[in-house]
Amino acid sequence: MDLPEPRRCRPDDPRPAPRQRRRGRRARGRGPLTVSSSDASGDPETPEEPGEGGGGGTASRRHPRAKLTTTTARPEGGGRAAPGDASAPARQWPLLTVLGMAVLGLLIVGTDLFPQAFRIGTLLVGAALLTGAVLRRTMPSVGMLAVRSRFTDMITYGVMGGLIVLLALMVQPEPWLRIPFLEDILHLTVT
């Protein structure tokens, strides 16, 4: 005996009818809401898989009022930067480029090999972040350099890199760049 297909509130509503929702239960208090398919097949032990059958029973669904996010979407451009058959470092070359520049800048600052080492190393760290912003803007896929959306990554890398470069150029003694209104603001806040 075939039972009629469960009634839906709206034709495009993926949730089961209210009668079936009341019979649903959660396995061990977590996970997706499982709706019993005993009405359709007569066997409560064999749940129907999604995409199977002619629409008699309903498959597992997330509870409509679930509060926890269980997965995260990959950021735009978060795929591989090289083909899948390339080695792991080759697939992540944008991230390795930015990290390599930043590490080189930190090594220059840390070793203090020449008189302007602090300024040059800090400029290199800022340039690494600016390079990350440019790569994020121009490349369709940058691997793990993609952390958030493309716009957010570009703004974050660009602003932080720009500020680091600006501060490296203005550091005392003998600054390479003088911006009078910033010096006035500094003097007003410190004194």
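The values are calculated or read from the model by the stated rules, or taken from the named source; none is laboratory data. Predicted, not measured: the structure shown is a model, and the values here were computed from it. Glycine gets a Cβ as well: all are built from the backbone with ideal geometry, and neighbour counts include every protein chain shown.
Check every one of the helices (runs of 4 or more DSSP H) wholly within the range 76-191 and list those with 3 or more residues that are surrounded by 14 or more Cβ atoms within 10 Å (Cβ to Cβ). Quick ask: steps written out before the conclusion?
Numbers: elements: 88-91, 93-111, 117-138, 150-170, 180-190.
Qualifying helices (runs of 4 or more DSSP H): 93-111, 117-138, 150-170.
Show the residue pairs that are 6+ apart or on different chains and have beta-carbon atoms under 6 Å apart, the first residue being within the range 91-108 and under 17 Å from A168 (Cβ atoms), the second being surrounded by fewer than 19 Cβ atoms within 10 Å (Cβ to Cβ) and among the hydrophobic types (A, V, I, L, M, F, W, C).
I108/A117; I108/I120
Given the criteria at pLDDT 95 or above and not aliphatic (A, V, I, L, M), does G84 qualify?
So G84 does not fit the description; no.
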